[in-house]
Amino acid sequence: QVQLVESGGGLVQPGGSLRLSCAASGFTFSSYAMNWYRQAPGKERELVAVISAGGSTNYADSVKGRFTISRDNAKKSVYLQMNRLKPEDTAVYYCDARRAPRIYWGQGTQVTVSS
């Protein structure tokens with residue numbers, strides 16, 4: 001059974017940091033690209049960061065220089081280190097795993113940036 005379980009969300013003040021984790025099971029994690037998306041209330045889902053199976057990364061312009069995506073294939077996990085958080089980063093954050101034609105999604109974790 002395929003599972004992606006996100007964790008690490010919460011309430012943080014502007015300028016603070018959080019580290020999100022996504023634990024995978026039920027598929028060959030190391031051969032999948034892993035992505036973090038987010039969706040704020042009333043907005044469309046936004047791609048935040050991507051890490052390929054080979055470890056190449058890419059980021060949305062809105063988070064470049066503040067967020068870092070990484071993966072640990074031995075632990076079957078992907079991470080999103082988020083620094084210098086802003087109120088506009090408030091959203092539900094989702095991880096997904098992609099290897100055409102398959103896509104797997106997690107259930108999301110809430111991140112709220114507020115004073």
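The values are calculated or read from the model by the stated rules, or taken from the named source; none is laboratory data. Please read all numbers here as calculations on a predicted model, not as lab measurements. Note: ideal-geometry Cβ built from the backbone for every residue, glycine included; neighbour counts use all protein chains shown. Quick note on the areas: whole protein, heavy atoms, side chains included, nothing else; ligands and nucleic acids left out. Shrake-Rupley method; radii C 1.70, N 1.55, O 1.52, S 1.80 Å.
Filter the stretch 51-89 for residues that are open to solvent by 40 Å² or more (accessible area, probe 1.4 Å), not in a loop (DSSP other than H, G, I, E, B) and not small (Gly, Ala, Ser) and give the result. THR57, ASN58, TYR59, THR68, ARG71, ASP72, GLN81, PRO87, GLU88 - these are the residues of the stretch 51-89 that are open to solvent by 40 Å² or more (accessible area, probe 1.4 Å), not in a loop (DSSP other than H, G, I, E, B) and not small (Gly, Ala, Ser). For the stretch 90-105, residues that are more than 15 Å from VAL48 (Cα to Cα) and either outside any strand (DSSP E or B) or in contact with a Ser or Thr (Cβ under 9 Å, 6 or more places away or on another chain) (or both) total 3.
Going by the structure shown, is VAL50 more than 14 Å from the chain's Cα centre (by Cα) and among the β-branched types (Val, Ile, Thr)? Spelling it out, it is not the case that VAL50 is more than 14 Å from the chain's Cα centre (by Cα) and among the β-branched types (Val, Ile, Thr). For the stretch 9-16, the criterion of a residue being within 14 Å of the chain's Cα centre (by Cα), modelled with pLDDT of 95 or more and hydrophobic (A, V, I, L, M, F, W, C) is satisfied by no position. Quick one: how many residues across the stretch 64-81 are touching a strand residue (DSSP E or B) at 6+ places or on another chain (Cβ under 6 Å) and of a type outside the set (S, T, N, Q)? So the answer is 7. Against the definition (in contact with a Pro (Cβ under 7 Å, 6 or more places away or on another chain), of a type in the set (Lys, Arg) and either closer than 18 Å to CYS22 by Cβ or modelled with pLDDT of 95 or more (or both)), how does LYS86 come out, yes or no? Judged against the criteria, LYS86 is a match. The residue of the stretch 14-44 that is nearest to ALA100 (Cα to Cα), among those that are loosely packed, with under 13 Cβ neighbours inside 10 Å and of a type outside the set (Gly, Ala, Ser), is THR28. The residue pairs whose first member lies in the stretch 35-47 and is of a type in the set (Phe, Trp, Tyr), whose second member is outside any strand (DSSP E or B), and whose beta carbons are closer than 7 Å, counting only pairs six or more residues apart or on different chains, are TYR37/ARG45.
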